[in-house]
Amino acid sequence: MRRLLGLPVAAVVLTACVTINVYFPAAEAKEAAKEFVEKVIGEEADKAQEPAKPGEGGGMAMQPAQGLEHLLAHVDLLSLVGIGSAHAQSQPDITIKTPAIQAIQARMAGRFDKDLRAGFDAGALGFAGDGTIVVRDAGKLALKDRVAVNQAVADDNRDRKAVYREVAVANGHPEWEAQIRDVFAKQWIASARSGWWYQSGGAWKQK
């Protein structure tokens, strides 16, 4: 009888060992932001999209023994019985490969090449501190192009907000939207090409 009474206590102790520790994966978010931004801005175009060849980087040529070792190395045995920290379960890769995100990315890439790149090259456009695009010197735009560029800037900034929300939702954490936005804001500026303008500390600077 005494042994049975001890079971609920043991269950409570085991439950107490589980730690909910869902943290924001900043490093993974930074890598995802860099991949997204470089795809939009260009130059590194489709490198990230190239499929891995058998035996190169993807582990496709893994031998059976290696496969077993690899599997065991990535299995949290304690988590299988509900014991241990949830920390190992809360290290998600930030995915940017959903149809919605990729549709926005493709739209932004096309717009950047067609309507925005020339403005950055001319010094008319720049990245604000929050990663949005602003018209910093309309005088550097041809008069005939100003309306189209202003519309492109508005459309692009709207897409930026949408993609940050989509990335957060796609990764199961809508509450991460503000952090995703901050990471992307830094990346737009970090990826700015030589000669482009950006805001830092409220002042405009040129790369």
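Odds and ends about this structure:
- Computed as a quarter of the hull surface, the mean projected area of the alpha carbon convex hull for the range 96-196 stands at 6.1 nm².
- Listed cross-link partners Lys39/Lys186; Lys140/Lys205; Lys34/Lys161; Lys34/Lys114 are compared with a 18 Å cut-off, the Cα-Cα value being larger for Lys34/Lys114.
- For the range 154-207, projected area of the alpha-carbon convex hull averaged over all directions, nm²: 4.3
- Packing-based ranking, highest mean first, of 96-107, 193-204 given that Cβ atoms within 10 Å are counted: 96-107, 193-204
No lab work stands behind these numbers, since they all come straight from the coordinates. Because the structure is a prediction, the values reported are computed rather than measured. No Cβ is skipped: glycine too gets one built from the backbone with ideal geometry, and neighbour counts run over all protein chains shown.
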